[in-house]
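Working notes, beginning with the structure itself.
The values are calculated or read from the model by the stated rules, or taken from the named source; none is laboratory data. Remember, it's a predicted structure, so these values are computed and weren't measured experimentally. Because the Cβ atoms are built from the backbone with ideal geometry, glycine has one as well, and the counts that use them run over all protein chains shown. With ligands, DNA and RNA removed, areas are computed over all heavy atoms of the protein, side chains included. Shrake-Rupley method; radii C 1.70, N 1.55, O 1.52, S 1.80 Å.
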Amino acid sequence: MSNLAGKVALVSGSGRGIGRAIALKLARHGAKLVVNDLDAGPGDAVAQEIRAAGGEAVAVNGDVAEPGFADRFVGAALERLGGLDIIVNNAGYTWDATIQKTSDEQFQAMLDVHLVAPFRILRAAAEPIRVLAKQEAAEGREVFRKVVNISSLAGLYGNPGQVGYSAAKAAVVGATRTLCKEWGRYKVNVNCVAFGLIQTRLTQAIEETQATIDVAGRAIRVGIQPKLLQTIDRMVPLGRAGTPEEAADAVYLFCTPESNYISGQVVTVGGGLLM
Ligand SMILES: NC(=O)c1ccc[n+]([C@@H]2O[C@H](COP(=O)([O-])OP(=O)(O)OC[C@H]3O[C@@H](n4cnc5c(N)ncnc54)[C@H](O)[C@@H]3O)[C@@H](O)[C@H]2O)c1
């Protein structure tokens, strides 16, 4: 199947988890990929996996929250893969604490990775998209581009211990709706996918994993309290957490031509969990 043949897609945080599943899925459907991860090893490995399967991919690794990253990321799509069709803002991590224990640095880190970084990436893409869309319109062609921002049920409904994370994930919904209105004239569909509980490193039982995310010189523990995990699992109408592949399927829907007339929407992907 190649309904995305020739499309150039950028997926941030695609060295692991949901981002990796998205990158592989888009590549399987014919897209050329700009992969990114904070950790060069996993980022390079995903790009290599795509190339080994006969696809095209480059890795632009690094912290999405660093100034200058957005230009490198968007520039790679245009200069190395010759286009700019799909942007998935997926990179992120959690740094949890109740509000009284949340430092300014911690709160800001959540805004930086989940909100400021997508904003900068989309701002860097704005002018190239405007120019491409103008050319296509002059040629009488209607070419749809796709933005998928990743949010969370925590962003829509709140989650104790995640004041920074949930604030940023809520804000990205506002950014999605604004860009839907600003970029409609360029034929860009801008949508949001808000995940519930998806099985990744981010949602492993914290006692079973020693996983840390090393960002800006800090090692931050990732994982969830096992009791909370069991509670959420029990609450999911479909009876279990989702897989990264199921999460990627939802993002893929917003990247296909079948979603060309859908914009400004938030779809929750949580097995029916609505809070
Ligand atoms: N797993 C869930 O249940 C769940 C639920 C709701 C939302 N999400 C969101 O989905 C997205 C993907 O999360 P995941 O569960 O796949 O986690 P994950 O840890 O498995 O994968 C995330 C990847 O992003 C990378 N990353 C993190 N910060 C980065 C940065 N600053 N710059 C570049 N890369 C960075 C990590 O190194 C990692 O490889 C995140 O935005 C997360 O908030 C996940």
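Taking other residues whose beta carbon is less than 15 angstrom from the beta carbon of residue 143, and scoring Lys, Arg as +1 and Asp, Glu as -1, yields +4.
The distance linking the stretch 1-79 with the stretch 86-116 is 22 Å (Cα centroid to Cα centroid, whole angstrom).
Inter-part distance, the stretch 234-275 to the stretch 157-200, computed on C-alpha centroids, equals 13 Å.
Looking at the chain alone, DSSP beta bridges between its own residues are antiparallel in about 10 percent of cases. Summing charges over neighbours of residue 176, with a neighbour being any other residue whose Cβ is under 13 Å away from its Cβ, gives +3 when K and R count +1 and D and E count -1. Label positions at residue 126 and residue 236, each projected 7 Å from the Cα along the C-beta direction, are separated by 3.8 nm.
Lys-Lys pairs in the chain that are eight or more residues apart or on separate chains and whose Cα atoms lie under 20 Å of each other come to 15.
If you sort the three axes of the alpha carbon gyration tensor as a ≥ b ≥ c, you get a/c of 1.5 or more for the stretch 1-151 and a/b no higher than b/c, which makes it oblate. Build a GNM of the chain with springs between Cα atoms under 10 Å apart, and of 163, 148, 11 the one that fluctuates most is 163. In a DSSP loop and with at most 13 other Cβ atoms within 10 Å, the trypsin sites (Lys or Arg not before Pro) in the stretch 178-275 are 240.
Each of 128, 115, 150 was scored by the projection of its Cα onto the charge dipole of the stretch 107-189, and the greatest displacement toward the positive side belongs to 128; charges sit on the C-beta of Lys, Arg, Asp and Glu. Summing +1 for each Lys or Arg and -1 for each Asp or Glu among the other residues whose beta-carbon sits under 14 angstrom from that of residue 114 gives -1. Each Cα pair under 8 Å and six or more residues apart adds its sequence gap; the mean of these over the residue count of the chain is a relative contact order of 18 percent. Which residues does the label zone of residue 256 cover in the stretch 1-40, counting backbone N under 11 Å from a point 7 Å along Cα→Cβ? Counting backbone N atoms under 11 Å from the label point, the list is 2-4.
Computed about its Cα centre, the charge dipole of the stretch 85-132 is approximately 140 debye, with only Lys, Arg, Asp and Glu carrying charge at their Cβ.
Rounded to the nearest 20 debye, the dipole magnitude of the chain is 540 debye, with +1 charges on Lys and Arg beta carbons, -1 on Asp and Glu beta carbons, and the Cα centre as origin.
Here the gap between residue 108 and residue 71, fully extended at 0.36 nm per residue and compared with their Cα-Cα distance, gives a gain of 11.2 nm. To the nearest ten degrees, helix 17-28 and the longest principal axis of the Cα atoms of the chain are 20 degrees apart. The solvent-accessible area of residue 60, taken with every protein chain present and a 1.4 Å probe, is close to 10 Å².
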